[in-house]
Amino acid sequence: MSPSGGGASSRPGALHQEDRPLKILLGVCGGVAAYKAADLVRRLRERGHEVRCALTPAAARFVSPLTLEVLSGQPVYGEEYLEPGRRGQEEHIAAAGWADLLCIAPATANMLSTLALGLAPNFLSTLALAFRGPVVVAPAMHSAMWEKPVVQENVERLRSSGVRIVGPDSGPLASGEVGLGRLSEVLEIVAVCEACQAPNTTRSLAGRTVLVTAGPTEEPIDPVRYLGNRSSGKMGFALAAEAARRGARTILVAGPVALATPPGVERHEVRTALEMESAVQAHAADANLIVMAAAVADFRPRTYAPEKIKRHQGTPEIELVPNPDILASLSHLAPRALRVGFAAESALSADEAARKLTAKGVHLLVANDISRADIGFGSDQNEVTIYSPGAPPMLISRRPKAALAEALFDQFEAALAGANREAGSDRG
């Protein structure tokens with residue numbers, strides 16, 4: 001595996017060499033998160049893209065059209081179809097014909113319903129109805145609204161029609177509460193927009209099955225307490241999304257995280273390490289590629305207290321027993337699959353990486369540095385090093401996790417192709 005492999009040499013903040021600048025129509029809906037549209041325009045233009053904005057009437061109350069006009073360098077589309085100096089053209093048709101990509105961020109519950117039903121009550125929705133290219137939608141709303149079945153039905157309808165849904169994320173909401181509904185990070189939205197024009201959109205993994213594990217496990221102590229870790233699941237979910245985008249049948253075994261299922265992904269929710277082991281065992285034999293990105297607890301309490309342990313009873317003694325090593329078991333469960341392990345390490349020498357590759361029976365080991373606060377756990381950014389037998393370590397520099405997933409899958413596909421060549425020569 002060469003250090004100059006595809007995707008790994010891209011610099012954060014720069015377009016991939018094979019990519020071209022996009023003409024992006026940014027639709028902005030009325031919600032508190034509309035203020036982030038200004039940063040999104042700035043980030044897209046920093047990366048060389050041309051941006052034009054279209055605001056709903058409600059959005060114009062949250063963010064000034066003049067602000068977006070100054071940042072984009074282009075007039076902002078509003079409710080007027082005919083504007084002075086535009087020679088009487090139909091603005092929604094002209095705008096739809098100009099753009100390579102339509103991105104709506106933030107998208108309100110009202111806009112999700114409007115798009116799903118093919119309605120056109122305002123300029124932005126009329127433009128969306130006329131647009132024929134790729135569409136990226138980043139919802140943002142209160143968690144109570146996002147969780148409504150009718151909203152989820154509309155989201156699934158959009159996904160099934162090819163719309164790429166980004167987020168929402170968990171975090172502080174405008175109400176002061178914490179929940180699922182926060183607009184995804186701006187760089188995450190940028191990465192998804194750019195992924196729409198990547199050369200590997202040709203469904204290069206069609207006909208393959210990819211199994212991904214993501215998130216933490218929770219090992220219950222009593223009804224209210226558990227042993228766990230800080231994994232957010234974002235990296236694993238980004239990997240699953242990338243596998244599905246490349247056309248693979250994608251099976252995601254997810255620990256307890258508040259993340260939306262990526263489009264086209266078959267999700268199986270688990271809580272404990274034993275439940276994750278069972279789910280992996282059920283699907284590993286069918287997989288061509290297994291990516292173990294979950295942070296599985298190494299130990300669990302030997303006994304479970306059916307009632308809450310009371311503080312006044314004194315400090316409890318909790319005996320721990322080891323959990324199964326799911327990663328190490330894969331060489332027997334799926335001997336023909338390409339097996340990839342993830343390792344969260346504060347320091348990892350080449351010798352220790354080689355030992356882990358052998359002990360775990362994996363073809364690739366992806367390590368990230370947990371001593372850094374700006375990447376990894378809970379962050380939307382990550383930086384990893386790939387280790388493989390007989391090859392020098394490969395650093396994939398810091399970038400949004402969606403972009404990192406793309407670079408990683410370039411390497412996974414190269415390894416799959418190499419394994420197929422070796423298998424063919426063995427048969428010959």
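The values are calculated or read from the model by the stated rules, or taken from the named source; none is laboratory data. Bear in mind the structure is a predicted one, so any value in this text is a computation, not a measurement. Note that each Cβ is placed from the backbone with ideal geometry, even for glycine, and that neighbours are counted across all protein chains shown.
Data for the structure
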| item | result |
| --- | --- |
| Which numbered condition Pro324 misses (of (1) at pLDDT below 85; (2) in a loop (DSSP other than H, G, I, E, B); (3) out of contact with any Phe, Trp or Tyr (no Cβ under 9 Å at 6 or more places or on another chain)) | (1) |
| Residue within the range 146-165 that is of a type in the set (D, E, K, R), at pLDDT below 90 and within 16 Å of the chain's Cα centre (by Cα) present | yes |
| Test result for Arg336, within 25 Å of Gly247 (Cα to Cα) and exposed (fewer than 11 other Cβ atoms within 10 Å of the Cβ) | yes |
| Sole residue being closer than 19 Å to Leu239 by Cα and either in the same structural domain as Asp369 (by TED's automatic domain parsing) or not in a strand (DSSP E or B) (or both), chosen from Ala279, Ala285, Ala297, Ala305 | Ala279 |
| Any hit, the range 330-338, residues being at pLDDT below 85 and not in a helix (DSSP H, G or I) | no |
| Matching residues, the range 59-68, being touching a residue at least 12 places away in the same chain (Cβ under 8 Å) and either crowded, with 16+ Cβ neighbours inside 10 Å or part of a loop (DSSP other than H, G, I, E, B) (or both) | Ala59, Ala60, Phe62, Val63, Pro65, Leu68 |
| So Thr56, is it modelled with pLDDT of 90 or more, hydroxyl-bearing (Ser, Thr, Tyr) and surrounded by fewer than 18 Cβ atoms within 10 Å (Cβ to Cβ) | no |
| Selection status of Pro223, surrounded by fewer than 24 Cβ atoms within 10 Å (Cβ to Cβ), at pLDDT 85 or above and more than 29 Å from Leu327 (Cβ to Cβ) | yes |
| Qualifying helices (runs of 4 or more DSSP H) (wholly inside the range 99-177; at least 2 residues being touching a helix residue (DSSP H, G or I) at 6+ places or on another chain (Cβ under 6 Å)) | 109-117, 123-130, 149-160 |
| Checking Ala284 against (1) under 26 Å from Val151 (Cα atoms); (2) touching a Leu at 6+ places or on another chain (Cβ under 7 Å); (3) among the aliphatic types (A, V, I, L, M), the condition it does not meet | (1) |
| Where a residue in the range 135-151 is farther than 15 Å from Leu183 by Cα and in the same structural domain as Gly179 (by TED's automatic domain parsing) and its partner, wherever it lies, is part of a loop (DSSP other than H, G, I, E, B) and at pLDDT below 90, with Cβ under 7 Å and at least six apart | Val135/Val163 |
| Pick from the range 321-348, criterion free of Cβ contacts under 8 Å to residues at least 40 places away in the same chain and touching an Asp or Glu at 6+ places or on another chain (Cβ under 9 Å), ranking: nearest to Asp222 (Cα to Cα) | Pro322 |
| Condition check for Ala359: within 22 Å of Leu330 (Cβ to Cβ), at pLDDT below 85 and of a type in the set (Gly, Ala, Ser) | no |
| Some residue of the range 245-261 being part of a helix (DSSP H, G or I), crowded, with 22+ Cβ neighbours inside 10 Å and either within 18 Å of the chain's Cα centre (by Cα) or not assigned by TED's automatic domain parsing to the domain that holds His283 (or both) | yes |
